[in-house]
Amino acid sequence: MTSAYFAPLVSLPTIITEPGAYLTRGGERVKVKTVSTKHDFGCIGSYSDGVSEGWHKSGRLFAGVYSDNDIVKKDDGSA
């Protein structure tokens, strides 16, 4: 991907700050194992069914559109 693809993500707040449990926009719990501080999709984790995924540090899966699978917050255990 080109650096222009990541432009919409640069100004977003960082959601994924450490390995652990997070919640998606759709309410699903995911576990992030690897965190990246770069503008890439290097925050690697998996859904409860074991499917692997890579997120931007902002929690987004895509630069230009929202997804139910975007990470929106750390899981505090109350959901």
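The values are calculated or read from the model by the stated rules, or taken from the named source; none is laboratory data. On a predicted model such as this, the values are computed, not experimentally measured, just so you know. Here the Cβ is made from the backbone with ideal geometry for all residues, glycine too, and neighbour counts use every protein chain on show.
Working only within the range 39-53, note down all residues that are surrounded by fewer than 16 Cβ atoms within 10 Å (Cβ to Cβ), modelled with pLDDT under 95 and under 20 Å from VAL10 (Cα atoms).
ASP40
Cβ-Cβ below 6 Å, separation at least six or inter-chain, first residue in the range 60-78 and without any contact (Cβ under 8 Å) to a residue 40 or more places away in the chain, second assigned to a loop (DSSP other than H, G, I, E, B): which pairs?
What qualifies is LEU61/SER67; LEU61/ASN69; LEU61/ASP70.
Quick grid of which residues meet (1) part of a strand (DSSP E or B); (2) buried (at least 18 other Cβ atoms within 10 Å of the Cβ); (3) charged (D, E, K, R):
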site	(1), (2), (3)
THR37	no, no, no
LYS57	no, yes, yes
TYR66	no, no, no
VAL72	yes, no, no
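Could you tell me whether the range 50-58 includes any residue that is of a type in the set (Val, Ile, Thr), farther than 20 Å from TYR5 by Cα and out of contact with any strand residue (DSSP E or B) (no Cβ under 6 Å at 6 or more places or on another chain)?
The answer is yes, given that some residue of the range 50-58 is of a type in the set (Val, Ile, Thr), farther than 20 Å from TYR5 by Cα and out of contact with any strand residue (DSSP E or B) (no Cβ under 6 Å at 6 or more places or on another chain).
Look through TYR22, TYR5 and report the one residue that is part of a loop (DSSP other than H, G, I, E, B) and touching a residue at least 40 places away in the same chain (Cβ under 8 Å).
TYR5
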